[in-house]
Structure formats: C-alpha cells, structure tokens
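Read-outs throughout are calculated quantities, based only on the coordinates presented, and are distinct from any laboratory measurement. A quick note: this is a predicted structure, and the numbers were derived from the prediction, not measured. Quick reminder, even Gly has a Cβ in these numbers, built from the backbone with ideal geometry, and neighbours come from all protein chains shown.
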Amino acid sequence: PFIATLVAQGAWHWARMAPSVRSAQLRRSCIFGVLTWQILAALFTWPAYLGSFNLLAGPRERYSHWSIGADFDWGQDLRRLAEYVHKKKIPRIAVRYFGGGKPEYYLAEKLMPLPPPTVDLPHGEYVAISIHLLELARSKVKDGVPAKDDEWLTWFDRHTPIATVGTTILIYRSGET
C-alpha cells in the first residue's frame, strides 16, 4: 500500500505539471489506461490470485512455463480438485500432490493410492498431479532416464491431461493418450 500511495502521488504530480492542456489530457489518459489495466488484471486472475502472473505472460494454462515451485504452486488448488472430482462424479482418483493440505481430508473415500510405476493402471482410472512435481521430475531426467523416485514421469509423458484444475493440478485418465 505504501508504494501504491507513492506511485499515485507521483502520477498525480506528473499529470498536474504538464506544460499544456493537451499534454495534461494525454497524461491523464495514460494514468487512466494503467488503472484500467490493473482492474482488468484483477478481474481476469480471480480467483487464482496466488498463482497468477502479469497478463502479458499469456493464458493461465501456460503459467507453469514461466515458473515452477514455490513461486507458482503453493498447493492452493487441492480444494478445487475435490470440487472437480465431486462435480464430474469421479469414483476414485490417485493423487501426487505438492502442498501443505491433506488430500485424505478433501477427497476421503475417493482417494486411492498410486500404484508403483511398474503396474499399469486399469483403464479409466484418474490420476491428478501437481504441476510442480511434474516439472521437478522433468528437471531431474538424465540421459532420457527419470530419477528412481520419479519413474511415474514416463507414464505422465505418454498421456495427455484431460483437464487442469485451477492453475496447478493436471488431471489424467488411464487409457487416454
């Protein structure tokens, strides 16, 4: 708030000190444009303020290309995942989640354990993964081989997400590539 107050005061003085009426109108138009931009940015990012970027970064679906980890994914979409599972009537879902929340609390009986990567999921099973975990696993690939604890990466790379929940959780369905 302090910086915003200083910027507003500076913009006010900048507009008032214009050498001509035409220049003052142009300066006021610039200030109005910036304020409009800020209001639109707030409206377009609602309700995902935590994982949002400048509108110039592109659509929400591409935010993870700019940043991963604590800069982007704080686990804020776990409740949205539970709402998505309920809305779509998904009977069971395996979850690889990054964040402080407890998937057991939000998903209860619908939560299933993720089997070892050597076991194929039955056709039609759902899997959700935090983008942070997926990108972290991709960053540890060496000579085309994922790290031992990230062997699931090959499964995720063979499949295409069917949905994105919020901005940080991808939903996959086994059997759909």
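Of LYS102/LYS140; LYS102/LYS142; LYS87/LYS110, which pairs sit farther than 21 Å apart, going by alpha carbon to alpha carbon?
LYS102/LYS140; LYS102/LYS142, as the Cα separations exceed 21 Å there.
Here the spin labels are modelled as points 7 Å beyond Cα on the Cα-Cβ line, and at HIS123 and ALA42 they lie 5.1 nm apart.
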